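Reading through the structure tokens given below for one structure.
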Amino acid sequence: MSDKKQVSRRQFLNYSLTGVGGFMAAGMLAPMVRFAIDPVLQPSAAGKFKAVVEESELTSEPQRFTWKINQKDGWYESEVEKSAWVYKKENGEIVALSPICTHLGCTVDWASNEEYPNQFYCPCHGGRYKKNGVNIPNTPPTAPLPLYEHKVEEGMLYLGQAKSRGSGV
Amino acid sequence: MRWNQEDISLYAESKEYIDTMIIPLIPFDVQKDELMKKQAFQKELLKLFASEVEKEYKGRILLAPEYHYISGRHKEEVDRVNHWIGQFTNLPFDHIFLFTLDMNWRKLSNDLQGEIVWLPGLQSGNLQSSEVQSFIKEQVSQIAEMIRSYW
Ligand code: FES
């Protein structure tokens, strides 16, 4: 009984190791195949996201980070600076908000107004947003702050396009 | 807001929110090469300052067309500058800031109908270098704070 168990365990190990090896081989092959057959897709998909900051630097308090992208704007191609307010929710989820006020485009600050310590505040016309970027009714903005697409790879936070979230409240 | 079609259309619809104007004052003198070089550099620097401040407060500041003048005749320019300012205050604009690196306005600042903002001059340099960029960023946040104090 116990013998059989041993064998089956060894067998199991054997199988699973082969399995892992197989996966590893497949994992190495897959990108090569992709490169070979589809070299065009690769750079464009990767180029959309930019490394911004190490995930370990994120806190539950929003912090402002900046990075640069090349932007082609009509006649000119130029390097423009982008920025985002980034924080981590209690459940570990990352939130990256555009700092551009949805009213007329000023740059909002986190907790810069003493009366509203837990809100984003726009110094131009007193626009306010909750921590999650949703605009507060009866202030000039009529839409939430756009959210950046994000992903984490090897401990590094990458941000992509800022997506507007409609007309909100 | 900038002086381009898109922003000016937005301005025309939202005038009540945009009450602050920045006019960059840009001198030039073609008599001496050295001076010309310095002024060309300072013009770039000044435009950068103005556009960074505008970016921060796009929704409340309008960046006017640049005011160019031949250096050395500041007294004669006062009327023309004030004429510009008069046009803008009629729109209306409550706060007019004149951005300049030209110290020759010093003695005339009382005659001008706008608020002169002296920007720290660099004689020359590379605007792409990271030292110059962080210097500019630092200055821009101070200028922004100063402007906010008027609101
Ligand atoms: S631009 Fe932010 S409140 Fe108007």
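Can you pull out every residue in the stretch A:117-158 that is away from the ligand (no atom under 16 Å from the Cβ) and either without any contact (Cβ under 8 Å) to a residue 12 or more places away in the chain or within 14 Å of chain B (Cβ to nearest Cβ) (or both)?
Listed by number, the residues that qualify are A:P117, A:E153, A:E154.
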Six or more apart or on different chains, Cβ atoms under 8 Å: show the pairs whose first residue is in the stretch A:93-107 and without any contact (Cβ under 8 Å) to a residue 60 or more places away in the chain and whose second is aromatic (F, W, Y) and near the ligand (Cβ under 9 Å from one of its atoms). A:H103/B:Y17; A:L104/B:Y17; A:C106/B:Y57; A:T107/B:Y57
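Being under 30 Å from B:M21 (Cα atoms) and charged (D, E, K, R) narrows it down to one of A:E54, A:E90, A:E115, so name that one. Walk me through it before giving the result.
On the way: A:E54 fails: under 30 Å from B:M21 (Cα atoms); A:E90 fails: under 30 Å from B:M21 (Cα atoms).
From the options A:E54, A:E90, A:E115, the qualifying one is A:E115.
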Regarding B:E131, is this residue of a type in the set (D, E), more than 14 Å from every other protein chain (Cβ to nearest Cβ) and over 16 Å from the mean Cα position of the chain (by Cα)? yes
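For (1) open to solvent by less than 30 Å² (accessible area, probe 1.4 Å); (2) among the acidic types (D, E); (3) not in a loop (DSSP other than H, G, I, E, B), each residue gets a yes or a no:
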{"site": "A:Y116", "(1), (2), (3)": "no, no, no"}
{"site": "A:G126", "(1), (2), (3)": "yes, no, no"}
{"site": "A:K131", "(1), (2), (3)": "no, no, no"}
{"site": "A:P140", "(1), (2), (3)": "no, no, no"}
{"site": "A:A143", "(1), (2), (3)": "yes, no, no"}
{"site": "A:K151", "(1), (2), (3)": "no, no, yes"}
{"site": "A:L159", "(1), (2), (3)": "yes, no, yes"}
Would you pick out the residues in the stretch A:92-114 that are closer than 15 Å to A:I136 by Cβ, more than 13 Å from chain B (Cβ to nearest Cβ) and not in a strand (DSSP E or B)? A:A111
Look through the stretch B:1-45, keep the residues that are of a type in the set (S, T, N, Q) and within 14 Å of chain A (Cβ to nearest Cβ), and return whichever of them is most open to solvent (accessible area, probe 1.4 Å). B:Q5
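So for the stretch A:99-109 (the condition being more than 10 Å from the ligand (Cβ to nearest atom), buried (at least 19 other Cβ atoms within 10 Å of the Cβ) and closer than 22 Å to B:E54 by Cβ), does at least one residue qualify? Walk me through how you get there before you give the answer.
Initial filter on the stretch A:99-109 (more than 10 Å from the ligand (Cβ to nearest atom)): A:99, A:109.
Going one step further and asking which of them are buried (at least 19 other Cβ atoms within 10 Å of the Cβ), we end up with A:99.
Those still in the list that are closer than 22 Å to B:E54 by Cβ too: A:99.
So far as the stretch A:99-109 goes, yes, one or more of its residues are more than 10 Å from the ligand (Cβ to nearest atom), buried (at least 19 other Cβ atoms within 10 Å of the Cβ) and closer than 22 Å to B:E54 by Cβ.
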On the given criteria, is B:V53 β-branched (V, I, T), within 20 Å of B:I136 (Cα to Cα) and touching a helix residue (DSSP H, G or I) at 6+ places or on another chain (Cβ under 9 Å)? yes
By residue number, the members of the stretch B:46-73 that are crowded, with 20+ Cβ neighbours inside 10 Å and away from chain A (no Cβ under 14 Å) are B:L46, B:F49, B:A50, B:A64
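The values are calculated or read from the model by the stated rules, or taken from the named source; none is laboratory data. These numbers were taken from a predicted model, which means no experiment stands behind them. Cβ sites come from the backbone with ideal geometry, for glycine too, and all protein chains shown count toward neighbours. Heads up: the accessible areas ignore ligands, DNA and RNA and are worked out on the full protein's heavy atoms, side chains in. Shrake-Rupley method; radii C 1.70, N 1.55, O 1.52, S 1.80 Å.
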